[in-house]
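Throughout, read-outs are computed from the coordinates displayed, never taken from laboratory work. Remember, it's a predicted structure, so these values are computed and weren't measured experimentally. Note that each Cβ is placed from the backbone with ideal geometry, even for glycine, and that neighbours are counted across all protein chains shown.
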Amino acid sequence: MRDSVSWRHRAWGVILVNLATIVWATNTALGRWLRGDVGPLTLTALRFTVATAFFSLLLQARPKKERSYGKDKWWIMAMGLAGVVGFSPLLYLGLRYSTAVNCALIQGFSPLITALLAGLIIQEPASRRQIAGAALGLIGVIGLISGGSFAFLIHLDFNPGDLILLAAAVAWAFYSIFGRRVMRHRSPVAATALSNFIGLPLLIAAAVFELPHIPLNLRTETIVAIVHICIAPTIIGYWAWNKAVQTIGPGGAMVFYNTLPLYGVILGAVFLDEPLNQTHIIFGGLILGGGLWATLGRWDRRR
């Protein structure tokens with residue numbers, strides 16, 4: 001019975017982390033599409049203004065102890081700086097100069113980066129099974145975006161934007177690890193809200209500085225895209241991710257981070273009538289299979 005409960009607990013975490021990556025797949029595509037209409041700092045400030053207001057309302061229903069920073073204040077501050085102030089602006093800035101393909105490749109290394117840092121910072125090293133699952137996922141990402149062609153990878157062009165995207169990947173790894181530490185004592189709602197409180201003033205100040213240099217171009221399509229980013233990738237995505245991190249740990253959650261390019265391909269096939277072929281199915285199956293094997297298998301860190 002205990003193993004059954006544990007399995008269901010982890011299965012719920014897997015569902016949540018995949019929900020997060022599905023909505024984030026839309027964020028990456030829209031973030032690149034919006035690069036001519038809104039600056040990275042302005043877009044980040046807008047999305048977290050809405051998210052912070054929403055989570056503030058939810059926080060009022062939590063116990064008083066969860067609404068205060070308490071002994072976790074430094075961890076929450078680090079969480080806010082990494083995931084709110086650091087990650088999103090770096091992602092949108094990198095997407096202004098890099099490509100979606102390069103972004104997917106760089107994101108593929110995020111689970112391995114997280115596995116290394118989690119052991120160093122919060123003494124929660126990834127299991128051998130999680131590391132193997134992350135490696136399988138990385139192979140799946142490379143195969144997915146290259147179509148299984150080695151020549152495609154050889155002719156990839158890299159640029160300074162890729163270094164910014166790598167910094168974003170590291171920032172997200174830190175956010176997940178700090179979040180895991182904070183949520184040992186409080187709910188994902190409280191952790192998300194309090195970390196947003198830390199980051200939002202800095203984002204607003206940065207956006208005010210950016211606006212004269214990158215004016216906001218408010219077209220109907222831009223407004224719809226920004227509203228979507230505020231709701232789906234930010235409110236739903238951050239809550240689902242933090243809940244998953246609390247449930248299956250940063251290593252277990254990050255194994256599924258590689259599903260971002262997979263869901264991007266699927267969304268392109270569904271909404272843009274882009275081709276979905278056997279190569280996508282094989283390497284996409286490798287990404288999902290590696291994640292499921294790493295997370296739902298026997299829960300033993302020695303394995």
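Values as computed for the structure displayed
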{"read-out": "Relative intensity, log₁₀ I(q)/I(0), of the chain from a Debye sum that treats every alpha carbon as a point, q = 0.13, 0.14 Å⁻¹", "value": "-0.90, -1.05"}
{"read-out": "Net charge of Cβ neighbours under 11 Å - reference residue 94; Lys, Arg +1; Asp, Glu -1", "value": "+2"}
{"read-out": "Highest-fluctuation residue, 109, 158, 197 considered, GNM on the chain with Cα pairs under 10 Å", "value": "158"}
{"read-out": "Value in Å of the Kirkwood radius, where the stretch 145-255 supplies the Cα pairs that are averaged", "value": "17.1 Å"}
{"read-out": "Summed residue charge, Cβ within 12 Å of residue 197's Cβ, Lys/Arg positive, Asp/Glu negative", "value": "+2"}
{"read-out": "Which of 216, 59, 120, 16 has the fewest Cβ neighbours within 10 Å, and the rest in rising order", "value": "120, 216, 59, 16"}
{"read-out": "Order of 209, 174, 48 under a 10 Å beta carbon neighbour criterion, fewest first", "value": "209, 174, 48"}
{"read-out": "Ranked list, fewest to most other Cβ atoms within 10 Å of each Cβ, for 257, 97", "value": "97, 257"}
{"read-out": "Residue with peak Gaussian network fluctuation, the chain [Cα springs, cutoff 10 Å], from 28, 220, 192", "value": "220"}
{"read-out": "Extension gain from residue 58 to residue 154, taking 0.36 nm per residue of separation minus the Cα-Cα distance", "value": "29.7 nm"}
{"read-out": "Computed [θ] at 222 nm, deg cm²/dmol, the chain (DSSP H ≥ 4; -39,500 (n - 2.57); rounded to nearest 500)", "value": "-24000 deg cm²/dmol"}
{"read-out": "The stretch 2-296, relative contact order [Cα under 8 Å, separation at least 6], %", "value": "40 percent"}
